[in-house]
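Every number in this text was worked out from the coordinates using simple rules, so none of it is lab data. The structure presented is a predicted model; accordingly, all values stated were derived computationally and were not measured. Cβ placement follows ideal geometry from the backbone for every residue including glycine, while neighbour counts extend to all protein chains displayed.
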Amino acid sequence: MKADANWQRLFILFSGLFGLAGVALAAAASHMGDERLLGGASTMCLAHAPALLALALAYDKLKTAAPAGVLLLAGTLLFAGDLVNRHVVGTGFFPMSAPTGGFLMMGGWLVVAIGAFFKRPLSISAKTQ
């Protein structure tokens with residue numbers, strides 16, 4: 001299997017998992033009293049689930065899809081995971097873990113924007129047609 005297909009599958013997998021987690025966290029936030037931490041985690045998951053799906057679907061057209069997706073995926077896991085951990089355990093993963101996740105997500109969105117200036121080379125099948 002090609003590496004590109006692996007990235008696409010990974011992004012689709014986490015798109016679905018982030019969507020699932022986002023809805024579950026929203027429900028938990030509304031029933032568990034303190035909406036701040038779980039609500040924030042839900043928002044980040046629900047915001048980045050469709051972004052990862054879009055990157056997977058536009059993978060052949062956006063040259064920066066892989067690095068952007070990795071940054072968004074890692075940032076969302078770190079940011080949302082840290083907020084959930086703070087709610088459940090009472091402490092974050094490590095000092096500055098949520099802001100680090102936030103910077104990773106911002107970096108991912110910047111890499112998406114930079115992708116507007118790069119063209120993906122035509123695939124072999126497109127060249128022969």
Q | Magnitude of the charge dipole, the chain, Cβ model with Lys/Arg +1 and Asp/Glu -1, debye to 20 | A | 580
Q) What is the local net charge at R36, summed over the other residues whose Cβ is closer than 15 Å to its Cβ (Lys, Arg +1; Asp, Glu -1)? A) -2
Q: Give, in nm to one decimal, the length gained when the segment between T43 and H31 is fully stretched (0.36 nm per residue of separation minus the Cα-Cα distance).
A: 2.7 nm
Q. What does the highest-first list of 35-44, 94-103, 73-82 look like by mean Cβ count within 10 Å?
A. 73-82, 35-44, 94-103
Q. So for the pair D4, K119, with labels modelled 7 Å out along Cα→Cβ, what separation do we get in nm?
A. 1.6
(Q) What whole-number volume per residue, in cubic angstrom, does the convex hull of the C-alpha atoms of the chain give? (A) 102
Q | Residue among G69, A21, L104 farthest towards the positive dipole end of the chain, charges placed on Cβ | A | G69
